[in-house]
Structures are given as C-alpha cells and as structure tokens.
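J.: Please see the structure below; I have some questions.
Taken together, the values in this text are just the output of simple stated rules run on the coordinates, not laboratory data. A quick note: this is a predicted structure, and the numbers were derived from the prediction, not measured. Cβ coordinates were reconstructed from backbone atoms using ideal geometry, including for glycine residues, and neighbour counts include every protein chain displayed.
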C-alpha cells in the first residue's frame, strides 16, 4: 500500500473511532432531555427515574480503567469491537423496553459496552499517530468529540423526543454502531496485545472494579440524595477508599500487576488527570444546571436548550480540529492549557451573574462562546499531556485512566453542585424569595463553585505540569521512530 493511501486510511480510521466515541458520549446526555416522557410512559417513580441515568454511569465509570488494561493485554481492536456489539444490543433493548426494570438493566449493560468501546480509543489513536504533530491534531479531533458531544446530545435528544418519541434516542444508535463496526473491521489494524505474562491479576481486577463501582454509586446515589455528611454516604465512601488502598497495595507487590503503578510516576500524566477531574467537575455540573436554568427560569423547551448550547460546540470544534495541533506544537501543551482554563473559569463566573429575567444574547451566549474557546484550547492540550507518558504497551491503560477521571469528575461535580444548588434554593425559599428567584440563586451558587473548581485546576496545572522540552532533530527522529517500531511489533494486518 502506498504511503499516501496508508496515511488516508489512518485518518479515515480516526473518524471511525471518533464516531463510535461520539455515539457513546451522546448517550450520556441525550437521555436527560427525554426523562419526563420516559417517566410518563413506563411509570417510573421520582426516585426510580434517576436510575435511568445512574445505572449507565455506574457501569461506565467503574469499568473504564479495567477495560483499558484488558485492551493492552488482549488487543484494543478486539475490546473495541466487543464493546460496540454489546452497546448496540443494549441500545436495541433500551428502545423496545416496556417496563422500568427492563430499561434500567439495559442501561447498565449499555454502560458496560460503552466503557469497553471508549476506554481503548485514545490508546489506539496515539499508536496510530506516533509523530507528535499528527498526534496533536488527531487528539484535537478526539477531544472535541469527547467534550462537545454532551451539548450535541442535548440538541439531538430534543429533536428526537419532540419529533418522534423517546424510543428513538436509543434506536438511532443501532445503524450508527453497525456502520462503525463495518468500517472499523476494514480500516483498523488488529493488535496482538502484550498478553498476561505471569498470569492475570484477578484480585487486582476485582479490587479496582469494586472500588470504582462503589465510589461512583456513592456519588450519584446517597451523596446526591442524603447529603455528603450522611452516615450511609460516609460509610460507603470509606469502604470505596479502603478498596482503592487495597488495590494500590496489591499492584505494588503483584508479579504481573493489572495496572502498573509506574504510569503515575509521570508528573504530567498524574497532574493532567487531576486537572481533568477538577475541570470536568465544573463543566459537567454546569451543563446540567445550565440546562435547568434555561428550562425552569427562562422557560426553554428541550429543542431550544439544545440550540442554546450549539454555539459552544461550534467554537470548540473549530479550535479543537483546526488550530489545537498548531498551538500545541508551537507553544507546548501546558502553555496552551493554561489560558483555556482561565477562560473556562471566567465564563463560569460570568454565568454566576445570570439573572431571573435573563436574555440569551446578553446573559447566555457570551458564556457559551467563552466556554467554547476555553474548552477548545484546554481539552486537546490536556489529552496530550495525559497521554504523554504512555508507551504503546500502556496506551490502553492511559486511555482508560483519562476516561475514568473524566467520568468520576463529572459524577462528583454533578453531585456536589446539584446538592449545594438545591440547598441554597431551599434556604432562599424559606426566607420568602419567589420560586424563580430561589432557583436562580441556587444556580448562581453552583456556577460560582464550578468556577472555583476550574480555578483549582488552573493552580494544579501551573504547579505540577511541565511542557516537554523541544528535542533536537536527531532526538526527535529517534523519539518518533521508537513508537513506530513498537507498534509494528504489536500489530499485524487484520
């Protein structure tokens, strides 16, 4: 195959992978718009309805790290394809669900398939694009899909729910997944994986999966419903931390650890994931509460809410896809990340001033544009830093870690911001404020705290992260050649 054709094949394969990622990211938010219709149709109770979202989040967030490492061991393409098949089947079952229990179980299985599929994508991308400039561009495309997909999901959910029915937010996944599977079979090379060496680390797998599943459950259920100081929240949280500690102790002594702790020795890998937890916590909570502000205070319908977030996605996509590679290559990932975080924090501070009688043009649109610019600068750079210390042997693990910190950050941010917002609203209502004034006051507090989380992420970025030194020509050629040699040893034609 000629070099030009092979290069074209790689980029088409990237778009195939990102299509799979977009479908999964969309599914995390598209359901939110359809929840009222789902509740009416299937007879969910108010508390039971939350499990349509929580069942997916618990399975997805808890299995990403494990799925990424399994991809390293047994082949990332194999895990990607298996996850895609499971996700497609579960989407079909979700769409035909006739009872609340059937939908919740299918959503859990969807989360398992989504974790398997998305955990290995970033690892596949950095292996496919070892040259730094191309890798930065490819990660920019991925970062846009991973970060902007949530707002696109709000628009898609509004259109499908209002024009057809809630069933189609799940049915639409089936043809997209089938097309992605066919294209991936033809375009993505099969990798052999590194194997299990001295045996599979079953105790480690049980410990990390249990710790993450219990931790995510604690965040989305008792912490959100009962409060962070409740006995059940503290007990389950302590148990999750204990399991995580036992996992770390196991990995430090295991002959063939499931997750080698050496990956955390890189300050850029560890720092970038810490930045991601904080920044995603602020942004994800803002998406959710911003949607509620538009719906409950400004009286927007689901389609209008989706359109309101669209400018942010357009700006983010333009920066991520067209300019992130140039900025990261010229100025370095850390130097590009810092102003992005400043803009995100500034936009959230601006949102904290949104009034009861707010106007979209003056009070919402500027926030969306600033968020789009900030995220378009920050997230591609953050992905580059998070993957900077990963070898081809550990790329799946690093990819799973990036996705895990994003999910945990999102769940944590949503639980914290929603709880504090609700508490503030109740306080203002008790003081005699009108319903709209009380709701707005609660949302304003949440946006202010979200800005604080992004400011904390900025501090971590400034203190911990470092731009990689620019190598000389010979060193650069050697650095670019080594991943290619390792990839050639690990991959064989499909």
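J.: Which of the three applies to the range 228-351, rounded, prolate or oblate, going by the alpha-carbon gyration tensor with a ≥ b ≥ c and a/c under 1.5 meaning rounded? Don't jump to the answer; show the numbers that get you there.
T.: Values: a/c = 2.85, a/b = 1.33, b/c = 2.14.
Oblate, because a/c is 1.5 or more while a/b does not exceed b/c.
J.: Same structure again: How high is the relative contact order of the range 201-257, in percent, with contacts defined as C-alpha pairs under 8 Å that are six or more residues apart? Walk me through the numbers on the way to the answer.
T.: Numbers: 47 pairs, mean separation 27.5, N = 57.
Once normalised by length, the contact order is 48 percent.
J.: If you don't mind, another one. Report, to the nearest 10°, how far helix 395-430 tilts away from the longest principal axis of the Cα atoms in the chain, using its own Cα long axis and a range of 0 to 90°.
T.: Tilt of helix 395-430: around 10 degrees.
J.: Give the peptides 271-280, 203-212 in descending order of average Cβ contacts within 10 Å, highest first. Walk me through the numbers before you get to the answer.
T.: Numbers: 271-280: 24.7, 203-212: 19.8.
The packing order, highest mean first, is 271-280, 203-212.
J.: With N set to the number of residues, divide the alpha-carbon radius of gyration of the range 201-257 by 2.2 N^0.38 Å and report two decimals.
T.: Working: Rg = 12.9 Å, N = 57, 2.2 N^0.38 = 10.2 Å.
The range 201-257 yields a ratio of 1.26.
J.: How long is the gain from residue 357 to residue 262 if the chain were fully straight, where each residue apart is worth 0.36 nm and the alpha carbon distance is subtracted? Don't skip to the end; give the middle numbers.
T.: Numbers: separation 95, 0.36 × 95 = 34.20 nm, distance 5.30 nm.
Full extension of this stretch gives 28.9 nm more.
J.: Then there is this: What value, in deg cm²/dmol to 500, does the helix sum -39500 (n - 2.57) over DSSP H runs of n ≥ 4 give at 222 nm once divided by the residues of the chain?
T.: On the way: 19 runs with 393 residues, N = 494.
Here the helix-only value at 222 nm equals -27500 deg cm²/dmol.
J.: Using only Cα atoms and rounding to the nearest 10 degrees, what angle (0 to 90) does helix 231-253 make with the longest principal axis of the chain?
T.: Rounded to the nearest ten degrees, it is 10.
J.: Now, a different point. May I have the extent of the alpha carbons of the range 1-82 along their three principal axes, as whole Å values ordered from largest to smallest?
T.: 59, 26, 14
J.: Which of 454, 18 has the fewest other C-beta atoms within 10 Å, and how do the rest follow up to the most? Please list the in-between numbers first.
T.: Details: 454 28, 18 22.
Exposure proxy ranking, most exposed first: 18, 454.
J.: Given C-alpha coordinates of the chain, what is the ratio Rg to Rh with the Kirkwood estimate of Rh?
T.: Over the Cα atoms of the chain, Rg/Rh equals 0.96.
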